[in-house]
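The structure appears right after this line, and notes come after that.
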Amino acid sequence: MTERATSIWGWGYADKFPDTEARRALAEQVSALLGGVPLSPREPAPLEALRLPSPRIAPPPALAALCSSHPADRAAHTYGKGYGDLVRGFHGDFSPAPDFVARPLSEEHVLALMDWCADHHVALIPFGGGTSVVRGVEPAVGERFRGTVSLDMRRMNAVLEVDTLSRAARIQAGATGPVLEAQLAPHGLTLRHFPQSFEFSTLGGWIATRAGGHFATLYTHIDDLVESTRMLTPRGVLQSPHLPASGAGPAPDRLVLGSEGALGVITEAWLRLQARPRFRASASVLFPDFLTGARAVRELSQAGLHPSNCRLLDEHEASLNAVTADGSAVLVLAFESGDHPLHPWMERALALCASHGGRCPEGPRYRDDSAPRASGAAESWRSAFIEAPYLQNSLVSLGVLADTFETACTWSRFEALYAAVREAVRSTLQRVCGGGWVTCRFTHVYPDGPAPYFTFLGPARPGAELEQWMEVKRAASDALLAHGGTITHHHGVGRLHRPWYERERPGPFALALQAVKATLDPRGILNPGVLLGP
Ligand SMILES: Cc1cc2nc3c(=O)[nH]c(=O)nc-3n(C[C@H](O)[C@H](O)[C@H](O)COP(=O)(O)OP(=O)(O)OC[C@H]3O[C@@H](n4cnc5c(N)ncnc54)[C@H](O)[C@@H]3O)c2cc1C
């Protein structure tokens, strides 16, 4: 069976890129949204026109069978899937391409390659699904190295052990979401970690970036699901003890989580599993405006109800996602359990919303596994969520600036942060693009604060897209930090967010991190430029 081809430059499967006719129809809709600017579809650079430098180094003969210097492989491992990556790939610019791609089958292969890289001054870039949006897998490492290797972990993708009694599994880092869930399903268990990039991202990537799943509360960050990790470093194997909890000093896993390929190569981990959910309840609640909805969500997050979904969409986000079109903000609310029906939780949540003027015109929906799937606003939101990344491919082809960024802050800072960030993005879009849109939703909520997620759109000038995008990104990131937000709640630091991460992290911690890097990776070959400067 031939494997379904993925796009070299854009998100997902290549065959899901709409044809010119479909993109022309989209151009009309988006043009109306952006005040009538003329938009028309352009075509991505064909494979034979991709611009890559010639490889500077050849794979070591003993590992040559696992390596590829084919231009298509090198191009597919040059970038992640952020807006800047898509634009460069669309135009055929793959200048930071790795010299070759290695696909190890075992830890022995990883260690052999790591040794070879250290001996030959070659940078090694761990690569999971390549869905980074922060330039985390881009081999842009400066002149210090003789070459770069992209280490694609996806052939190490097995569920190695399942402990059904303790509800835990030992899983190899290269497993993508569908691959690991398919191996857990026969045991009636699930990891239940569903980032929007689930289909293509890997366990190793999730751990390395501290990914957030789509559940809004409780166990949603991969951090919450990790029991122990195994990371290969040039200084030896860092294997943390497999325990449900421990108070023995600083936790080794805390060093591995968020290490972004700069401290070692994660090869496997023990993860907490859950029963597959049977009972589900969902509802869509309409609020007159976003800030009123936010006050209701704050109360909900502090009531100990722990909804699985608690996404508040502002009015623009709701209409763009075809959830509502009447100018309301919408709360997509859901509960799920493998153990008990959920009526009391949903009823209490709706009562809290009603006390803030929230209306639920369609009423709540309840189902168990045997019933047909719910329909309505919650379901249209879900399908829009899964398909949304494909839309970015089309928008790039129309020359539209389209990106997202995210943060978290305390409830007491939220309203000021929201106003300031929106204004910073709106005014920068006006200045550099002549206009545009900025929308917001909550992806996660905590008792002490929300994780707001912003989307922006604007007409780009051909050839100037990257500078225009960086101006908006800079304005947004400065505003986040100035108003008490973090530079990232779940997208990671990579190369893109490093300047703001350096402002956010405490000085003594930066020194400690540098010392850890120098100890575990003394020649500095692992993903140079990520998290730490050269
Ligand atoms: C459309 C879209 C939707 C997204 N949705 C979400 C979301 O809902 N939640 C979220 O958290 N993120 C999301 N992201 C960001 C991205 O998917 C996450 O950062 C994800 O965790 C990356 O996983 P990956 O396997 O693709 O890693 P990659 O992109 O390949 O790598 C990311 C980083 O991890 C390092 N790395 C990868 N594997 C290993 C390993 N085995 N050992 C050591 N280091 C490693 C890399 O060197 C790099 O620094 C989204 C991205 C896109 C494009």
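The values are calculated or read from the model by the stated rules, or taken from the named source; none is laboratory data. Here the structure is a predicted model, which means the values were calculated and not measured. Every residue, glycine as well, gets a Cβ built from its backbone with ideal geometry; the counts of neighbours run over all protein chains shown. Keep in mind that these areas ignore ligands, DNA and RNA; they rest on the heavy atoms of the full protein, side chains included. Shrake-Rupley method; radii C 1.70, N 1.55, O 1.52, S 1.80 Å.
Numbers at a glance
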item: Sole residue being buried (at least 19 other Cβ atoms within 10 Å of the Cβ) and without any contact (Cβ under 8 Å) to a residue 60 or more places away in the chain, chosen from ALA354, ALA329, ALA281; result: ALA329
item: Whichever residue in the range 174-218 is part of a loop (DSSP other than H, G, I, E, B) and more than 14 Å from the ligand (Cβ to nearest atom) and, among such residues, is farthest from GLU336 (Cα to Cα); result: GLY188
item: Residue match in the range 168-179 (condition: farther than 25 Å from SER7 by Cβ, surrounded by fewer than 24 Cβ atoms within 10 Å (Cβ to Cβ) and more than 25 Å from the chain's Cα centre (by Cα)); result: no
item: Test: residue in the range 111-123 that is closer than 19 Å to ASP93 by Cα and open to solvent by less than 10 Å² (accessible area, probe 1.4 Å); result: no
item: Pairs, first open to solvent by 20 Å² or more (accessible area, probe 1.4 Å) in the range 293-315, second part of a loop (DSSP other than H, G, I, E, B) and among the hydroxyl-bearing types (Ser, Thr, Tyr), C-beta under 6 Å, six or more apart; result: HIS306/THR217
item: Failed condition for VAL472, given (1) touching a residue at least 60 places away in the same chain (Cβ under 8 Å); (2) open to solvent by 20 Å² or more (accessible area, probe 1.4 Å); result: (2)
item: Complete set of residues in the range 38-63 that are basic (Lys, Arg) and more than 30 Å from the chain's Cα centre (by Cα); result: ARG56
item: Condition check for LYS517: in a helix (DSSP H, G or I) and surrounded by 20 or more Cβ atoms within 10 Å (Cβ to Cβ); result: no
item: Count of the range 476-504 residues which are in a loop (DSSP other than H, G, I, E, B) and either open to solvent by 10 Å² or more (accessible area, probe 1.4 Å) or within 13 Å of the ligand (Cβ to nearest atom) (or both); result: 14
item: Any hit, the range 264-272, residues being in a loop (DSSP other than H, G, I, E, B), more than 8 Å from the ligand (Cβ to nearest atom) and either of a type in the set (D, E, K, R) or under 26 Å from LEU124 (Cβ atoms) (or both); result: no
item: Only listed residue being touching a residue at least 40 places away in the same chain (Cβ under 8 Å), of a type in the set (Val, Ile, Thr) and farther than 21 Å from HIS221 by Cβ, chosen from THR443, THR439, THR404; result: THR439
item: The range 180-208 residues that are hydroxyl-bearing (Ser, Thr, Tyr), paired with ones that are open to solvent by 40 Å² or more (accessible area, probe 1.4 Å) and more than 6 Å from the ligand (Cβ to nearest atom) (beta carbon under 6 Å, 6 or more apart); result: THR190/GLN274; THR190/ARG276
item: Per-region count, the range 432-485, residues farther than 14 Å from CYS409 by Cβ and hydrophobic (A, V, I, L, M, F, W, C); result: 13
item: Residue list for the range 505-514, filter: in a helix (DSSP H, G or I) and closer than 17 Å to SER259 by Cα; result: PHE509, ALA510, LEU511, ALA512, LEU513, GLN514
item: Top-ranked residue of the range 162-171 - restricted to ones that are assigned to a strand (DSSP E or B) and away from the ligand (no atom under 15 Å from the Cβ), ranked as nearest to PRO53 (Cα to Cα); result: ALA169
item: Any chance SER197 is of a type outside the set (A, V, I, L, M, F, W, C), open to solvent by 10 Å² or more (accessible area, probe 1.4 Å) and closer than 25 Å to MET470 by Cα; result: yes
item: Elements of type helices (runs of 4 or more DSSP H) contained in the range 68-161, each with 1 or more residues being β-branched (Val, Ile, Thr) and away from the ligand (no atom under 11 Å from the Cβ); result: 83-90
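Quick grid of which residues meet (1) under 23 Å from HIS214 (Cα atoms); (2) modelled with pLDDT under 95; (3) charged (D, E, K, R):
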| position | (1), (2), (3) |
| --- | --- |
| ASP326 | no, yes, yes |
| ALA334 | yes, no, no |
| ASP339 | yes, yes, yes |
| MET346 | yes, no, no |
| LEU350 | yes, no, no |
| CYS353 | yes, no, no |
| GLY357 | no, no, no |
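Table: residues versus (1) crowded, with 22+ Cβ neighbours inside 10 Å; (2) over 28 Å from PRO307 (Cβ atoms).
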| site | (1), (2) |
| --- | --- |
| VAL400 | yes, yes |
| THR404 | no, no |
| THR407 | yes, no |
| ALA416 | no, no |
| ALA419 | no, no |
| ARG422 | no, no |
| GLY436 | yes, yes |
| ARG461 | no, yes |
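For every residue, the table says whether it meets (1) surrounded by fewer than 21 Cβ atoms within 10 Å (Cβ to Cβ); (2) without any contact (Cβ under 8 Å) to a residue 60 or more places away in the chain.
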| residue | (1), (2) |
| --- | --- |
| ARG42 | yes, no |
| LEU50 | no, yes |
| PRO55 | yes, no |
| ALA58 | yes, yes |
| ALA64 | yes, yes |
| ALA76 | no, no |
